[in-house]
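These notes are about the structure you will find just below.
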Amino acid sequence: EEEEEAKLQNGGFLPCPAGGVPSGTALEEPLRSCRLQAERRGGAESPSPPRSPGGDAGSRTCRARAEPLGFTDVNLNSRNTYEVSRRRSAPEHLPHGGAEPAPAPPPQEPADRARHRAGIAAAGSSFAEFFTRNFFTKRTKELKPAVQSAPGWKLFGKVPPRENLPKDSKIIQQEYKARTGRMYKPPPPSSARRKNIEFEPLSTTALILEDRPANLPAKSVEEALRHRQEYDEMVAEAKKREIKEAHKRKKIMRERFKQEENIASAMVIWVNEILPNWEGMRATRRVRELWWQGLPPSVRGKVWSLAVGNELNITPELYEIFLSRAKERWKSFSETSSENDIEDAGASVADREASLELIKLDISRTFPSLYIFQKGGPYHDLLHSVLGAYTCYRPDVGYVQGMSFIAAVLILNLEEADAFIAFANLLNKPCQLAFFRVDHSMMLKYFAAFEVFFEENLPKLFLHFKSYSLTPDIYLIDWIFTLYSKSLPLDLACRVWDVFCRDGEEFLFRTGLGILRLYEDILLQMDFIHIAQFLTKLPEDITSEKLFSCIAAIQMQNSNKKWAQVFASLMKDNKEGDKNHSPAPKS
């Protein structure tokens, strides 16, 4: 009991006996007390030799009859006693976290030497525990798991706070049901619900399928079921739409392959049979049917040139002459001249060649989506040359806005000189010449003939247009001036040109009636402004099959009179009217 009390007063170690330790060695007291304790325990059977009073030099070193430990040879008077003892007595491998090693169980040897060895080992372990234990307990910083928000809610930028760890959705559901007093019924497993679903939109998955974050109340069973039903309906609709679009794409591809096969077979017929015998076969029924189906692109330019003809007898050498004159005129224009002077000169009838400068303003607006006729494009200079040569060739006509589209289509299908020859002969046709010369009386006759067949084929739409006083000149002028190359997609416009070269000006007005028939139901619901805007800018998704089926349904016959007969009767009536309104001759 006295030893235990002494231990408590001395920090768990026995105090050194009085007079046994000289003054100034306070650092060695724990070491000496440990050694004396070991000697007392082990000296029960073999006591240590007597110590001299006051302590001699031999008393400074603890002696034992047991085998010496690693720290028994340490000089107690050394300043580094603490460090050296700590390094030698500390275990080589400490457990992770700085925990003290558990003391080994004492050996069970019956011999006296074994008991003596146990006492020495106990003293050594006490000494090692003293220097290796932690006076201040270290707490290792626990790594908090990263907070991960529900993936669907990142769409809205709402991330749960980091200090709140997300709970499992089932635990949240159980807690919510426990608070509300309802019984929780787990939903069926997701694998069984989604096994038949092949297409899942990501947005609906995020908004409907994902569980809510931990900081929000969980979904109720009714809400979860409703969301599941809505999601299934959305997926079903998306799947139907995808299947429908896939069938549509397949249908388009089949039609395209079929069209390519027809074009390839038609090209062989045109090259080998029709073109070598053009004059004899052009009016046959077989050729006209092939013509209606569309000309192969490889022979389109050649057929156009043959169909338009060359009544003006223009040669490539004549084209070079007028092109050189146009280049001289371009050089003669002053770069500092104002646009007003240029426009006045272009409007002058006496000098229509001055309209050369107006060509530059209009070329940049010709097929802008192709980027081939604008400045720097591969066909810019070519188009400029053809239009410039024509203004010098026909100064009485000059350049009129809309000519650039016709010349551009010809350049895409013919060589430069051939394009100029076809361009000049095409604009020399009565209808084009009347429009580009702005012959109002002739233009009104064409509009009147168009209205005759308009009323014959589309009476409801004709009355609807009449109720808004919507005259044909509002939409027909742009169509006729550009031969539909500006209003329709380019490939469809080329097919219109194919039949126009076969049937002449009649097909231009028949095409206009076909467009009105195609959009009749839409136009009947519009007013004046919307009709004018719609017909000026036709939808881009118009297809050749739909348009030509509507054109085929138009009957260009009125009271057993065809287009040419109706137009001739209008011309005759106009001449008679002019005679009746003419002043009487003086007597």
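Listing for the model above:
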quantity	calculated
In Å², nearest 10: area of Ile522 left accessible to a 1.4 Å probe	80
Per residue accessible area in Å² of region 373-428, where ligands, DNA and RNA are left out and the probe is 1.4 Å	30
Gap separating the Cα centres of region 255-326 and region 477-532, nearest whole Å	22
Carbon + sulfur, % of accessible area of region 368-506 - ligands and nucleic acids excluded, 1.4 Å	54
Loop GluC sites (Glu not before Pro), region 360-461 (other Cβ atoms within 10 Å of the site Cβ: 15 or fewer; DSSP)	Glu415
Accessible surface ranking that places the most exposed of His384, His440 first, with a 1.4 angstrom probe	His440, His384
Loop chymotrypsin sites (Phe, Trp or Tyr not before Pro), region 361-457 (other Cβ atoms within 10 Å of the site Cβ: 16 or fewer; DSSP)	Tyr371
Protein accessible area in region 222-293, 1.4 Å probe - carbon and sulfur %	54
Region 462-546: trypsin sites (Lys or Arg not before Pro) falling in loop per DSSP and having at most 13 other Cβ within 10 Å	Lys537
Solvent exposure of region 436-575 as accessible area per residue, Å², 1.4 Å probe	47
Listed residues His464, His530 arranged by accessible area, highest first, probe 1.4 Å	His530, His464
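The values are calculated or read from the model by the stated rules, or taken from the named source; none is laboratory data. Remember, predicted model here, so these are calculated numbers, not experimental data. Note that each Cβ is placed from the backbone with ideal geometry, even for glycine, and that neighbours are counted across all protein chains shown. Surface accessibility is based on the protein's heavy atoms, side chains included, excluding ligands, DNA and RNA. Shrake-Rupley method; radii C 1.70, N 1.55, O 1.52, S 1.80 Å.
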